[in-house]
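Presented below is the structure to which this report refers.
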Amino acid sequence: MTDTPTTYALIDGRKVSGEIKSEISAKVHERKLSGKKVPHLAIILVGDDGASQTYVDHKVKSCKEVGFHYTMMRFADTISEEKLIKHIDHVNDDEDVDGFIVQLPLPAHISVERITEKIRSDKDVDGFTNHNFGSITSKNPLLLPATPYGVIELLRRYNIPTEGKHCVVVGASRIVGAPLSMMLAEQGHATVTLCHKYTQNLAEYTSKADILITAVGKPGLITADMVKEGAVVIDVGTTRVEGPQFKNGYAIKGDVDFKPVAAKASYITPVPGGVGPMTIASLLLNTLHATEKRNP
Ligand code: NAP
């Protein structure tokens, strides 16, 4: 028996991501049959951060699942910025590579901004470059930032309309909150409120949201009293919390106090299993789009 009322619907990111992967796989198969180029994703990993290694392993596994070619490039965390840029230039020039990512975070002596801007924007399948970021507001956006793209795709596939809705985004980072708020306004035709660290009385805004999306990385930030009855709640937050009460000594937590918030929500994403799997699905979608554009 569960102590959470089951009035809400769970948004199952694993299921949707699986559907997207099947669709991509079918397209790759078709491309192979008609002699077209198979998408090729290159991944650059610097250092031996455990979490980054896990993310990269998932990306490689996903490439294999959908039939993409992939190249994994690993460098020690002592690599200089200049040397890393040389490798990036090489991947930029490699005609066989359709898309590539540099896994973040990078060691402190390397500028994330400088590295990101060295990636050719038509191969930037994470959607991080200024060019791709700016294109969100154009009529024909290029490669969309992967996590926001995943959130939009989840809403679309669950037939949750955004047009005319009040979407409140909490967290304003350059890779999640800020681009997502632009995409919801531009493509989703929503009325958007973007909340951040300096927002005063956060609950005043979140409690007015038809669709509440949080991307901060603070477990328990969003409590039930901050959520409107019937709201759609999307939790991007992913924080590893350690403690003896958890199996394996840790648990992955979102920003939302799940059970009490779920009791008020119409739809809600779990953590893990909500937005997380969608980020990889978006990365694959972007790689396919990049390939289709370069090699129709
Ligand atoms: P980030 O760069 O640390 O950004 C967090 C944002 O929240 C910043 O704008 C920060 O402001 C703001 N913030 C901090 N405290 C706040 C508060 N009390 N109220 C409102 N806003 C506050 O992190 P991120 O890369 O955007 O990631 C956010 C979360 O999503 C993390 O838990 C991350 O692990 C997760 N994430 C998940 C996925 C996925 O695939 N599921 C992908 C990306 C990120 P300042 O910058 O001014 O401090």
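The values are calculated or read from the model by the stated rules, or taken from the named source; none is laboratory data. This is a predicted model, so every value here is computed, not measured. Cβ: placed from backbone, ideal geometry, glycine included. Neighbour counts: every protein chain shown. All accessible areas refer to the heavy atoms of the entire protein, side chains included, with ligands and DNA or RNA removed. Shrake-Rupley method; radii C 1.70, N 1.55, O 1.52, S 1.80 Å.
Quick rundown of the values:
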quantity: Over region 169-251, volume per residue of the alpha carbon convex hull, in Å³; calculated: 119 Å³
quantity: Globularity ratio of region 74-166, using Cα Rg and 2.2 N^0.38 Å; calculated: 1.30
quantity: Debye-sum result for region 7-83 in log10 I(q)/I(0), which assumes one identical scatterer on each alpha carbon, at q = 0.16, 0.18, 0.19, 0.20 Å⁻¹; calculated: -0.75, -0.84, -0.89, -0.93
quantity: Accessible area (Å², per residue) of region 1-113, counting only protein heavy atoms and a probe of 1.4 Å; calculated: 55 Å²
quantity: Dipole of the chain, positive direction: furthest Cα of Pro145, Ser52, Ala263, with charges on the beta-carbon; calculated: Ala263
quantity: Ratio of the Cα radius of gyration of region 115-249 to 2.2 N^0.38 Å, where N counts its residues; calculated: 1.13
quantity: Helix-only mean residue ellipticity at 222 nm for the chain, each DSSP H run of n ≥ 4 adding -39500 (n - 2.57), per residue, nearest 500; calculated: -12000 deg cm²/dmol
quantity: Compactness index (Cα Rg / 2.2 N^0.38 Å), the chain; calculated: 1.02
quantity: Unit charges on C-beta of K, R, D, E only; dipole of region 54-179, Debye; calculated: 460 debye
quantity: Student exercise, the chain dipole from Lys, Arg, Asp, Glu Cβ charges, in Debye to nearest 20; calculated: 440 debye
quantity: Region 1-151, Cα convex hull volume normalised per residue, Å³; calculated: 169 Å³
quantity: Inter-probe distance in nm under a simple model that places probes 7 Å from Cα toward Cβ, at His196 and Ser111; calculated: 2.0 nm
quantity: Carbon and sulfur %, accessible surface of the chain computed with the full protein complex present, 1.4 Å; calculated: 53 percent
quantity: 28 Å Cα-Cα threshold exceeded, pairs from Lys15/Lys118; Lys64/Lys165; Lys15/Lys86; Lys15/Lys264; calculated: Lys15/Lys118; Lys64/Lys165; Lys15/Lys86
quantity: Residues of region 209-287: accessible area per residue with a 1.4 Å probe, Å²; calculated: 39 Å²
quantity: Accessible area (Å², per residue) of region 123-175, counting only protein heavy atoms and a probe of 1.4 Å; calculated: 41 Å²
quantity: Alpha carbon convex hull of region 145-189, volume per residue in cubic angstrom; calculated: 60 Å³
quantity: Among beta bridges that DSSP assigns inside the chain, antiparallel share in %, nearest 5; calculated: 10 percent
quantity: Most positive-pole-ward Cα, Pro272, Gly217, Leu10, against dipole of the chain from beta carbon charges; calculated: Leu10
quantity: Over region 211-265: Rg over Rh, Cα atoms, Kirkwood Rh; calculated: 1.02
